[in-house]
1. Considering Met224, Met193, which residue is in contact with a helix residue (DSSP H, G or I) (Cβ under 8 Å, 6 or more places away or on another chain), at pLDDT 70 or above and more than 21 Å from Arg82 (Cβ to Cβ)?
2. Output the number of residues of the range 240-252 satisfying the condition of being in contact with a helix residue (DSSP H, G or I) (Cβ under 9 Å, 6 or more places away or on another chain), surrounded by fewer than 22 Cβ atoms within 10 Å (Cβ to Cβ) and of a type outside the set (A, V, I, L, M, F, W, C).
3. So Phe263 clears everything in (1) open to solvent by 50 Å² or more (accessible area, probe 1.4 Å); (2) closer than 25 Å to Leu358 by Cα; (3) modelled with pLDDT under 85 except one condition, right? Which one?
4. Name the single residue, out of those in the range 373-388 being free of Cβ contacts under 8 Å to residues at least 40 places away in the same chain and not in a helix (DSSP H, G or I), that is nearest to the chain's Cα centre (by Cα).
5. Whether any residue in the range 121-131 is over 22 Å from Ile64 (Cα atoms), part of a helix (DSSP H, G or I) and modelled with pLDDT of 70 or more is what I want to check.
6. Go through (1) over 16 Å from the mean Cα position of the chain (by Cα); (2) among the small types (Gly, Ala, Ser); (3) at pLDDT below 90 for Ser91 and report which single condition fails.
7. Restricting the range 29-48 to residues that are farther than 21 Å from Trp169 by Cβ and modelled with pLDDT of 80 or more, which is least open to solvent (accessible area, probe 1.4 Å)?
Amino acid sequence: MTTARTSTAAPDRHSSVKWILMLGALAALPAITTDMYLPSLPAVADDLGASQAAAQFTMSGMLIGAGVGQLVIGPFSDRFGRRLPLLIGISLHVVTSILCSMTPDIGSLIALRVCQGFFNAAASVVAIAVIRDRFVGSDAARLLSRLMLVIGVAPLFAPTVGQAVAGAWQWRAVFYALALIGFVLVLIVWRFMPESLPRGKRRSGDPRQVAGGYLALLRDRHFMALAVIPGLGLAVIMSYVVGSPFVFQDEYGLTQGQFAAVFALNGAAIVGSAQLNAALVRRAAPIRVLRVAVIVQLACALILLALVLTGVGGIVGLVAGLWLVLGTQGLIPANASVLALHDYGHMAGTAAAVIGALQSGVAGLVSPLVGLLGGNSVAMVCVMLAVALLTLVILAAGTPAYRRGGWRERDGMEPGPTASAGETEEREAEQVEAQGPDQRG
């Protein structure tokens, strides 16, 4: 059984490739489960006699299940190790996929999709927790960035595969395909993935300790500020995803084929920037990359809004502006996640669960705003701009990232199961300052 890696030595290339492919496939499972099913929504509504809103809720239900599942599965993985929750979760994903294929009505399909989201949340939670178990600092940021390549490529092809499967064997066959993918992942985990959390580092399953762990995370404003940033990043992407079909096809008159090409081009921007981040963190600490990237993204979003409002460049200007905004996205979530997890190696599953739940929750709350504001290009870009601005505000107000001398110890990203002495002193000083003169005395 492999023990957790606690040194900062760079992993060898063979080991890195192995973990990138394996963890990337796991982390991509929720996205594949969502995107393969997306083209089948109209057929589902027709076949089950459901409204369009009800059919769409089979997508929202999965996000709800994923958010709850991550909060439950994270502490479970800190208690029992990473392999067991992963094997159970993906196995139940297989079962619910088969049940989805046999559902007689929309109500049962919604319930099963909620369960499916709950169970396959194990894949994304454990993937992030395993990286924190084995790698720290720039190594972890680099691995997470490489992971973005696998995660980013999967949704680009999943809708096409789902459309082909549904076209040949109807929409129910999509769930058989998802069951098959889950079965293959179970075999891969069983055969090739060693346990990364030694028994000596596992946490008690006492509900009070679990609640105490979540309470400690919620009280850590630095952690919470960093943990919400990946969710805001997903909100930027989802605002683009839900708005772009209407913007490009209805507003700008692109054909389905042209829209698919634009969608792939912008998807490549996200994947490419993730790989750029993997190279950058070899030379600069994740905190340095993060605090520059959020400013650059905000500047690009302002340029994009100007292009949309003035009409300069037309469709080319819009695509170029979106490419820049989305192209900065790969520099943000991985670094924020690594920084958030830095002090919580002893409860990485719980911390990763909070990050994952915030991703599902924030993106689910923000992305519908595009439609509520009109669903056009201005609405889409304004939501993306607002989220980029909020990201900068949270990073600046919730962490010392932009303060003079702030977070110097994070520049080196030395590993540690708890906060460093420097950060502990800083937080104590901030708490005393926040108390006011009456309480200090």
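1. Numbers: Met193 fails: more than 21 Å from Arg82 (Cβ to Cβ).
The conditions single out Met224.
2. Just the residues of the range 240-252 that are in contact with a helix residue (DSSP H, G or I) (Cβ under 9 Å, 6 or more places away or on another chain), to begin with: 240-249, 251-252.
Among the residues that remain, those that are also surrounded by fewer than 22 Cβ atoms within 10 Å (Cβ to Cβ) are: 241-242, 244-246, 249, 251-252.
With of a type outside the set (A, V, I, L, M, F, W, C) added as a condition, the list becomes 244-245, 249, 251-252.
Of the residues in the range 240-252, 5 are in contact with a helix residue (DSSP H, G or I) (Cβ under 9 Å, 6 or more places away or on another chain), surrounded by fewer than 22 Cβ atoms within 10 Å (Cβ to Cβ) and of a type outside the set (A, V, I, L, M, F, W, C).
3. Among (1) open to solvent by 50 Å² or more (accessible area, probe 1.4 Å); (2) closer than 25 Å to Leu358 by Cα; (3) modelled with pLDDT under 85, Phe263 violates only (2).
4. Initially, the range 373-388 is screened for residues free of Cβ contacts under 8 Å to residues at least 40 places away in the same chain, giving 373-374, 386.
Filter once more, keeping what is not in a helix (DSSP H, G or I): 373-374.
Working: Leu373: 25, Gly374: 26 Å.
So the residue we want is Leu373.
5. Just the residues of the range 121-131 that are over 22 Å from Ile64 (Cα atoms), to begin with: 130-131.
Keeping just the survivors that are part of a helix (DSSP H, G or I) gives 130-131.
If we keep only those that are modelled with pLDDT of 70 or more too, we end up with 130-131.
Within the range 121-131 (the criterion being over 22 Å from Ile64 (Cα atoms), part of a helix (DSSP H, G or I) and modelled with pLDDT of 70 or more), the answer is yes, since at least one residue qualifies.
6. (3)
7. At the first step, the residues of the range 29-48 found to be farther than 21 Å from Trp169 by Cβ are 29-31.
If we keep only those that are modelled with pLDDT of 80 or more too, we end up with 29-30.
Values: Leu29: 1, Pro30: 27 Å².
Ranking the candidates gives Leu29 first.
Listed here are the residues, each with its yes/no results for (1) touching a Lys or Arg at 6+ places or on another chain (Cβ under 9 Å); (2) at pLDDT below 85; (3) under 28 Å from Leu109 (Cβ atoms).
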residue	(1), (2), (3)
Asp139	yes, yes, no
Leu144	no, yes, no
Leu149	no, yes, no
Leu156	no, yes, yes
Pro159	no, yes, yes
Gly162	no, yes, yes
Ala177	no, no, yes
Phe183	no, no, yes
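The values are calculated or read from the model by the stated rules, or taken from the named source; none is laboratory data. Just so we're clear, the structure is a prediction, and the values are computed from it rather than from any experiment. In this analysis, Cβ positions are derived from the backbone assuming ideal geometry, glycine residues included, and neighbour counts consider all displayed protein chains. Quick note on the areas: whole protein, heavy atoms, side chains included, nothing else; ligands and nucleic acids left out. Shrake-Rupley method; radii C 1.70, N 1.55, O 1.52, S 1.80 Å.
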